[in-house]
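S.K.: This is the structure I have questions about; it appears just below.
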Amino acid sequence: MPTLLPDMSLQQFQLFIKEVYELPNNRQFELAEMINNIQRFAMRSLKGIRKGDIDRTKKNLLISFGWFMSTLIRLKIDLEDEVWKRFPYVCSYCNSCPCSCKEIKPEHRREVSFDASKRPKNLSGFQRMFNEIYPSSLRSLDHAGVHLAEELGEFSEALWAYRSNRAPETFQEIMMEAADYFSCLVGIFNSLRVNLAFELSNLFRNNCHECHKAPCTCSFATIRAYRS
Ligand SMILES: [Zn+2]
Ligand SMILES: [Zn+2]
């Protein structure tokens, strides 16, 4: 039986989602329908921000993150590797930590420098890394929410582009946009001052958060009508 602990790595979370949801997802959902569900729950979390309902924001963003992982599993993308390639303890655009894009306004993305010894050992380490690159004290929660929506749009657009041409270079775009989206998701948890790994280990403490089975046995009707 898969278990999640608060010191989980991002790869362990991806493996957990694979064990719990890959089988029912493969049988029940097309790729586009899984993306619909990333959006469905992410937008509910943004409604939580607008209404000042932090519990609603947290729960829906965690469920959305589960669907996001399921989508990457379908596409055989390792999120942790992609995040580290895109954000090796520096901003992916200005190559500094903290990000200095506002001051130096780089016109082009700079080559990022890698120091393998800095790679975070677990998900909480990645969360801390993002708070050092993009300090939550320098933005509002609303701003973090708008940025999440923007990056989700870019991730969807990259997928759509790939489905339109099936070109390897377009698939690279999906991997980069996945890393960008993850940075914004973590950014919301940093703005909330909530530990993402702890929340995930709590919501998924007993397999699927709804049916508590592995693999998940939630019916299609349950998922379609799910209120959160
Ligand atoms: Zn920057
Ligand atoms: Zn279930």
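The values are calculated or read from the model by the stated rules, or taken from the named source; none is laboratory data. Fair warning: this is a prediction, and the values are worked out from it, not measured in the lab. Using ideal geometry, Cβ is built from the backbone for each residue, glycine included, and neighbour counts are taken over all protein chains shown.
S.K.: Check whether at least one residue in the stretch 111-124 is within 21 Å of GLN11 (Cα to Cα), touching a residue at least 60 places away in the same chain (Cβ under 8 Å) and either among the aliphatic types (A, V, I, L, M) or within 16 Å of ligand 1 (Cβ to nearest atom) (or both), and report yes or no.
M.R.: Taking every residue of the stretch 111-124 in turn, at least one turns out to be within 21 Å of GLN11 (Cα to Cα), touching a residue at least 60 places away in the same chain (Cβ under 8 Å) and either among the aliphatic types (A, V, I, L, M) or within 16 Å of ligand 1 (Cβ to nearest atom) (or both).
S.K.: Another one. Would you confirm whether or not the stretch 116-134 contains a residue that is modelled with pLDDT under 95 and either part of a helix (DSSP H, G or I) or in contact with a strand residue (DSSP E or B) (Cβ under 9 Å, 6 or more places away or on another chain) (or both)?
M.R.: In the first step, residues of the stretch 116-134 are kept if they are modelled with pLDDT under 95; the result is 116.
From the residues that got through so far, the ones that are either part of a helix (DSSP H, G or I) or in contact with a strand residue (DSSP E or B) (Cβ under 9 Å, 6 or more places away or on another chain) (or both) too are 116.
Checked the stretch 116-134: at least one residue is modelled with pLDDT under 95 and either part of a helix (DSSP H, G or I) or in contact with a strand residue (DSSP E or B) (Cβ under 9 Å, 6 or more places away or on another chain) (or both).
S.K.: Among (1) farther than 20 Å from CYS218 by Cα; (2) surrounded by 16 or more Cβ atoms within 10 Å (Cβ to Cβ), where does ASN37 come up short?
M.R.: Unmet for ASN37, out of (1) farther than 20 Å from CYS218 by Cα; (2) surrounded by 16 or more Cβ atoms within 10 Å (Cβ to Cβ): (1).
S.K.: Exactly one condition in (1) among the β-branched types (Val, Ile, Thr); (2) more than 16 Å from ligand 2 (Cβ to nearest atom); (3) out of contact with any Lys or Arg (no Cβ under 7 Å at 6 or more places or on another chain); (4) over 16 Å from LEU10 (Cα atoms) is false for VAL194; which is it?
M.R.: Unmet for VAL194, out of (1) among the β-branched types (Val, Ile, Thr); (2) more than 16 Å from ligand 2 (Cβ to nearest atom); (3) out of contact with any Lys or Arg (no Cβ under 7 Å at 6 or more places or on another chain); (4) over 16 Å from LEU10 (Cα atoms): (3).
S.K.: Any idea which of GLY66, GLY48 is in contact with a Lys or Arg (Cβ under 6 Å, 6 or more places away or on another chain), surrounded by 14 or more Cβ atoms within 10 Å (Cβ to Cβ) and within 23 Å of GLN127 (Cα to Cα)? Please lay out each step first, then the result.
M.R.: On the way: GLY66 fails: in contact with a Lys or Arg (Cβ under 6 Å, 6 or more places away or on another chain).
Answer to the check: GLY48.
S.K.: Does ILE104 meet the test of being surrounded by fewer than 20 Cβ atoms within 10 Å (Cβ to Cβ) and within 15 Å of ligand 1 (Cβ to nearest atom)?
M.R.: Working: surrounded by fewer than 20 Cβ atoms within 10 Å (Cβ to Cβ): yes; within 15 Å of ligand 1 (Cβ to nearest atom): yes.
Yes: the conditions hold for ILE104.
S.K.: Follow-up. Taking the residues in the stretch 174-228 that are crowded, with 18+ Cβ neighbours inside 10 Å and of a type in the set (S, T, N, Q) as candidates, determine which candidate is farthest from the chain's Cα centre (by Cα).
M.R.: Only one residue fits best here, namely ASN207.
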